[in-house]
Each structure stands twice: as structure tokens, then as C-alpha cells.
Amino acid sequence: MEEIVFMDEWGNNASVTELEERSLLDAFSYARMAPSSLNRQPWRFIIHGGKVILAVKTGDFSSDYEGSIDTGIAMLYFSLIIDTTMFDSKWYVGSLNKDYKIPDDYKIVGYCSI
């Protein structure tokens, strides 16, 4: 789990304990298992304050269309668990005006309040 979820900025890996304490471990576990084109699971998440930011890898053998589908599936898997176990969630498409130190081959595609 530590390789796909970061705390506050890219590279600051979230521990399983941190995710359990926030009741987010199941949601990220399901999002991690979501299907994707070429089975790449190109998404990464950043927890910052009361938001989960979703970034997806760009380029890498897929089109923007495939990336959008992959992103939507990951959002759905995450939201299904959050909606069932905690509260209703809503994803917003777009980026926040903050530098999360995301590598050049990833882009922020959306965020969700938690």
C-alpha cells in the first residue's frame, strides 16, 4: 500500500497504520485492485488534510481515453467503500492549486473530500 498512497506530498509514503487510523485502508486496498488497461494500475493517491488527491501516470502505452477510464474505475472502487463504510463521497475532476511534488510523468486528475 505504501507505494501508491502518500501523505501530504509525493514520496512521503503512507503507512498501513496511518491508513487504518483514518479508516481509509479498505478504500485504498480496493482502489489498488481496480482493473486498468494493460493491468498497469497507473494511479497514485495523496492524502492532504481532508482531501484525497488522485494522480495518474501519463504516456506509458495508453491514450488519454484509456487513462480516463482507468481513473474513473479507481474513483469508483474507492468511493464504493467510502460510501458504504463512512459517508457519501464525491470526486471533483481537476487539480488543486498546490505543489504536491508530483513527477513529470504523472498528472493530478481529481480529488475527493474525506
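Derivation of every value follows stated rules applied to the coordinates shown; laboratory data play no part. Everything numeric in this text was worked out from a predicted model, so none of it was measured. Counting neighbours? That spans all protein chains shown, and the Cβs are built from the backbone with ideal geometry, glycine included.
Worth a mention:
- Taking helices (runs of 4 or more DSSP H) as the structural unit, those lying wholly within the range 1-99 and holding at least 1 residues that are touching a helix residue (DSSP H, G or I) at 6+ places or on another chain (Cβ under 8 Å) and among the aromatic types (Phe, Trp, Tyr) correspond to 25-33, 64-85.
- Among the residues making up the range 96-112, those that are under 15 Å from Gly49 (Cβ atoms), more than 12 Å from the chain's Cα centre (by Cα) and surrounded by 11 or more Cβ atoms within 10 Å (Cβ to Cβ) are Leu96, Lys98, Tyr100.
- Filter result for the condition that a residue is free of Cβ contacts under 8 Å to residues at least 12 places away in the same chain, closer than 19 Å to Val5 by Cα and either touching a Ser or Thr at 6+ places or on another chain (Cβ under 8 Å) or of a type in the set (Asp, Glu) (or both), over Asp64, Asp104, Asp83, Asp88: Asp104
- Of all residue pairs spaced 6 or more apart or on separate chains, those with beta-carbon atoms under 6 Å, a first member in the range 3-24 that is in contact (Cβ under 8 Å) with a residue 40 or more places away in the chain and a second member that is β-branched (Val, Ile, Thr) are Phe6/Ile46; Met7/Ile47; Trp10/Ile102.
- Residue in the range 63-73 that is buried (at least 20 other Cβ atoms within 10 Å of the Cβ), among the polar types (S, T, N, Q) and within 23 Å of Asp105 (Cα to Cα) present: yes
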